[in-house]
Structures are given as structure tokens and as C-alpha cells.
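Beneath this line is the structure, given in C-alpha cells, with notes to follow.
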Amino acid sequence: MPLVTTTEMFEKAYKGGYAIGAFNVNNMEIVQGITEAAAELNAPLILQVSKGARAYANHTYLMKLVEAAVIETGLPIALHLDHGDSFELCKSCIDGGFTSVMIDASSKSFEDNIALTRQVVEYAHDHGVVVEAELGTLAGIEDEVKVSAEDSSYTRPEDVQEFVERTGCDSLAIAIGTSHGAYKFKPGTDPKLRFDILEDVERRLPGFPIVLHGSSSVPQEFVRIINENGGNMPGAIGVPEDQLRKAASMAVCKINIDSDLRLAMTASIRKYFNDHPDHFDPRQYLKPARAAIKDMVAHKIVDVLGCDGKA
């Protein structure tokens, strides 16, 4: 089975009241952990690559790793560019075999966002590739995306219909209270997603797939393990998983998950070296790290996304 676009995935997810996991990948072990979990649970899958991941691992290496995952699992897998910040970057990924790209012009004016998104959409659609766009800006840090809390803004539901109609985008990322990175909300706070915004967007765009970025839950057991084994992570909590599950039952068809994977992998490696300080074979510490990612993804697929058995 070749790589697929997200079109059919999202149609099924919207009707079925579940979401597809979009997991960021950077190396072989991460790809393996994600895809092994999805294969065992027969779940559709989006593997996404950021600008930073391409710079780190090289476009060709990442393409071949994802192609290997398709061969090994037989799953419907879409390969997506996460947070593309220019037409040139999106074009490079389209020409290089990606089946989906995101153009993030959310920091620009409404008109400039439309103009750049439309440019990417026209090129992508001519090449059979789908496009995700963004309205509203999430606070936090993810690779080169850095937005302060003061500069973040919720999506304005009254803008979404015009934006989608004028750009022709295939899905839309909105800001309803999630946040990029592991340092989301301080302990003792009560993070709540703005379901009123999501409901308004769904009413204005019936049947249209919505995307949530910044949706990691920051499991406290990983933070504890990291800190007990030489780390110094400040306290933080993530997006409550029950709220993500509710969003997945509504118009949200794609939920991005990155920080939780990094936390699972880092916690595993830190604990391994604490327990085995004399080991130096990467296979010895990357094997349990890969297993930790697999367990994390399996949990997300079953308990948060609800897409197990939907491939």
C-alpha cells in the first residue's frame, strides 16, 4: 500500500466520532514505536515531520523510514509536514513525496494568511496533496514555533467559513486552549478547552475536519522519572485527556502528539542509564525507549483518539 492522503481518513473519523493521531517522527526508533502500536491496534496513522526534523534527520532518510513502515505494517499512513512556514518548504515536501502539508501563516494578518495558504493549496492540489491551514495562534514552543502567551489568540469562529472558502484548504487547525510543548499549565490550574468555540466552528463548517495542535498531556510519571534520574523539569500539566476525547467525538479529526513521545523516550533513557551507568551500546537503551513510545501511542489510540480498529 502506498502512502495515502488524509481525505478518506478524515471522512471516516468525522462520521465515526473519533480522531486520527498525528505523531511527530525524528528517527527510526520513534517511527518503529509508533507504527508497531498502530499495527497491533489496526489504527490509521499520520506520521508528521517538522522543519526541524527534516534539518536533523534529512528528508530522504525520513522518507525511507516511513516507506519501510508502510511495507512492514500495511497500514494506511499519511506523511504530513507539520508547521510549514513558507511556500518553498511546502513545495519541497510535496515534490519530495509527502501526501499532506501544513502551511502555518497564523502569525500573519488574515489577508496575508489567506494569500499564502491559497498559494500552497493551488500547488498541492495540482500534485494530489492535501493542505492543513491554521487560524488562531497557540502559545508555547515546538521546534521553531515560538509564541508567547501574550501573543496567542483563540480562533474567531466568524472567520472560519470565509477562510476555508477563499483558501480551499482541506482541514483547519484552530486554537481553543491547547498549547505547544511540555510546559503548558502550572500544577493547580484547571485547563479547559473552549468547546464553545469548537461547537461554533462545527456549526459554521459542518462536516469539515478540524485539527488540534499542542495536545500532549504531559504524563506526570514521566516528569517524575526524569527528575529522579538527573533531570530538572519544572512542574507542568498538559491537556486533560478526557477533554481531548470529547473533542475527538466532535469535529476534531486530527490530534497532534509530540511532547508526550519525547517525554516517554527521555524518561526511559534516563532511567536506563541510572540503572546501567556502564552500558554504552545504543541498542541497549534505545530498545526500551522504543517500547515506551509504543506503549504511549497504544494508550493514545485506544483511550484518547478512539481510532483502534479503524484502519
Along each of its three principal axes, how wide is the spread of alpha-carbon positions in region 1-149, in whole angstrom units, largest first? 44, 36, 34
Output the relative contact order of the chain, whole-number percent, from Cα pairs under 8 angstrom with separation of 6+ residues. 23 percent
Given 0.36 nm per residue, what is the gain on full extension from Ala68 to Arg283 after removing their alpha carbon distance, in nm? 75.5 nm
About its Cα centre, how strong a charge dipole does the chain have in debye, to the nearest 20, once Lys and Arg get +1 and Asp and Glu get -1 at the Cβ? 540 debye
What is the P(r) of region 179-311, as percent of Cα-Cα pairs per 5 Å bin from 0? 2, 10, 17, 19, 17, 13, 9, 6, 3, 2, 1, 0
Could you pull the accessible area for Arg118 with a 1.4 Å probe, rounded to 10 Å²? 90 Å²
Two-site FRET efficiency, Glu221 against Asn27, from Cβ-Cβ distance with R₀ of 22 Å, rounded to 0.05: 0.40
Quick one: pull the percent of accessible area on region 191-311 belonging to carbon and sulfur, 1.4 Å probe, ligands and nucleic acids left out. 51 percent
Using only the alpha-carbon atoms, how far is helix 59-73 inclined from the longest principal axis of the chain? Give it as 0 to 90 degrees, nearest 10. 80 degrees
Pull up the DSSP beta bridges for the chain and report the antiparallel fraction as a percent, rounded to 5. 15 percent
Using alpha-carbon coordinates, inclination of helix 7-16 to the longest axis of the chain, degrees: 90 degrees
Which of Ala289, Phe273, Leu305 sits farthest toward the positive end of the charge dipole of region 272-311, with +1 on the Cβ of Lys and Arg and -1 on the Cβ of Asp and Glu? Leu305
Excluding ligands, DNA and RNA, the carbon-plus-sulfur percentage of the accessible area of region 61-107 with a 1.4 Å probe reads 54 percent
Residue separation between Gln119 and Asp242 times 0.36 nm, minus their alpha-carbon distance, gives in nm 40.6 nm
The answer for region 1-120, accessible area per residue at 1.4 Å probe in Å², is 39 Å²
Gain in span if fully extended, Asp95 to Glu165, counting 0.36 nm per residue against the direct Cα distance: 22.7 nm
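The values are calculated or read from the model by the stated rules, or taken from the named source; none is laboratory data. This one's a predicted model, so the numbers in the text were calculated from it and none came from an experiment. Virtual Cβ from ideal backbone geometry, glycine too; neighbours counted across all protein chains shown. Keep in mind that these areas ignore ligands, DNA and RNA; they rest on the heavy atoms of the full protein, side chains included. Shrake-Rupley method; radii C 1.70, N 1.55, O 1.52, S 1.80 Å.
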